[in-house]
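Chemist: A single structure is presented below for examination.
Taken together, the values in this text are just the output of simple stated rules run on the coordinates, not laboratory data. Fair warning: this is a prediction, and the values are worked out from it, not measured in the lab. Note that each Cβ is placed from the backbone with ideal geometry, even for glycine, and that neighbours are counted across all protein chains shown.
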Amino acid sequence: MPGAKFRLCDVALDCSFRTRDARVEREQALAIIDLLESNSFTPIGHDGGPYRLKIETADGRLAMHVADDNGMHVVTHCR
């Protein structure tokens, strides 16, 4: 598959996104499936994945942790 190195192979939401609303959890799962289905992802300064993305909230801020397919840290971005 061309460009397979430059894609997300896994997206995970931290437990901070858990909710008691099954409808919201279903929408989150569908969004992740859509994202994984067809994507292109290349962190600046890194030469290839595929990549794993973990999204969480920390101290009220959004944090995105990127690792390679083997779990080696690539970059963390907080907003």
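Chemist: Mind telling me which of the residues L30, L62 ends up being among the hydrophobic types (A, V, I, L, M, F, W, C) and touching a strand residue (DSSP E or B) at 6+ places or on another chain (Cβ under 8 Å)?
Modeler: L62
Chemist: Looking at segment 56-77, I want the residues that are loosely packed, with under 10 Cβ neighbours inside 10 Å and have a partner that is not in a strand (DSSP E or B) with Cβ atoms under 7 Å, at least 6 apart or on another chain. Which pairs are those?
Modeler: R61/R79
Chemist: A further question follows. Here is a list: D10, D47, D21. Which entry is over 20 Å from A67 (Cα atoms) and either in contact (Cβ under 8 Å) with a residue 60 or more places away in the chain or not aromatic (F, W, Y) (or both)?
Modeler: The unique qualifying residue is D21.
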